[in-house]
Ligand code: C5P
């Protein structure tokens, strides 16, 4: 039987780290669904039509090494507002969620749209300042030159677009467990997520 953990929330709240560690702990497969939108957005930077880009996405597109840049993140959130782009990516995500042995999917609409029947739904948040600070450290740690103010501005713009769009907007599922990681270490946030999953397994 499949067991699905849906982890949603705004940018840089800690979803990625929590998802990876939770998947490793339980031996579940993990899909970072943001990568699908990043890879689609990246392909539109050279003028490819967004819907065409989503429909013809290849495994190689998901492995491009510049998917984490702020430009690609912004392109991702623009294409993510297009209903036909989202529709083109649904089947792949649902098939991943149903694989035997359990799966963790993280994104914006996993608990609300992609896997409304997920056994566990977490909505991970943190304050804007803390999210910006974490993302700034991550980007500058990779050698990128970008100010904290710019990172904060990028996150706010993306969250506003992701929350305001009509197609699968960013919001907690009604039955999601909220996890605010503002005052938590990574280990504490992961432990809390594991405890929530253990309580329903
Ligand atoms: O999670 P990440 O920051 O990599 O996602 C990049 C963008 O992809 C988000 O800002 C959002 O617009 C979009 N996205 C989405 N639905 C998902 C995952 C990501 O709309 N399930």
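Throughout, read-outs are computed from the coordinates displayed, never taken from laboratory work. Quick caveat, the model's predicted, so the values are computed rather than measured.
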* Asked: Where is the GNM fluctuation largest for the chain (alpha-carbon springs, 10 angstrom cutoff): 73, 64, 54?
  -> 64
* **Volume per residue of the C-alpha convex hull in the stretch 85-201, rounded to whole Å³** => 140 Å³
* **Mean-position separation - Cα centroids, the stretch 52-101 and the stretch 117-153, in angstrom** => 20 Å
* At 222 nm, what helix-only mean residue ellipticity would the chain give, in deg cm²/dmol to the nearest 500, using -39500 (n - 2.57) for each DSSP H run of four or more? -> -15500 deg cm²/dmol
* Asked: Taking every eigenvalue of the Cα gyration tensor of the chain, multiplying by 5 and rooting it, what semi-axes result, largest first, whole Å?
  -> 24, 22, 15
* In whole percent, what relative contact order does the chain give with Cα contacts below 8 Å and a gap of six or more residues? -> 34 percent
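Starting from 0.36 nm per residue, how many nanometres of slack lie between residue 48 and residue 163 once their C-alpha separation is accounted for?
Taking 0.36 nm per residue and subtracting the Cα distance, the gain is 38.9 nm.
Relative contact order for the stretch 1-101 using alpha-carbon pairs under 8 Å, separation at least 6, rounded to a whole percent?
So the answer I get is 37 percent.
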* Under a GNM of the chain (C-alpha, springs under 10 Å), which listed residue has the highest mean-square fluctuation: 157, 74, 93? -> 157
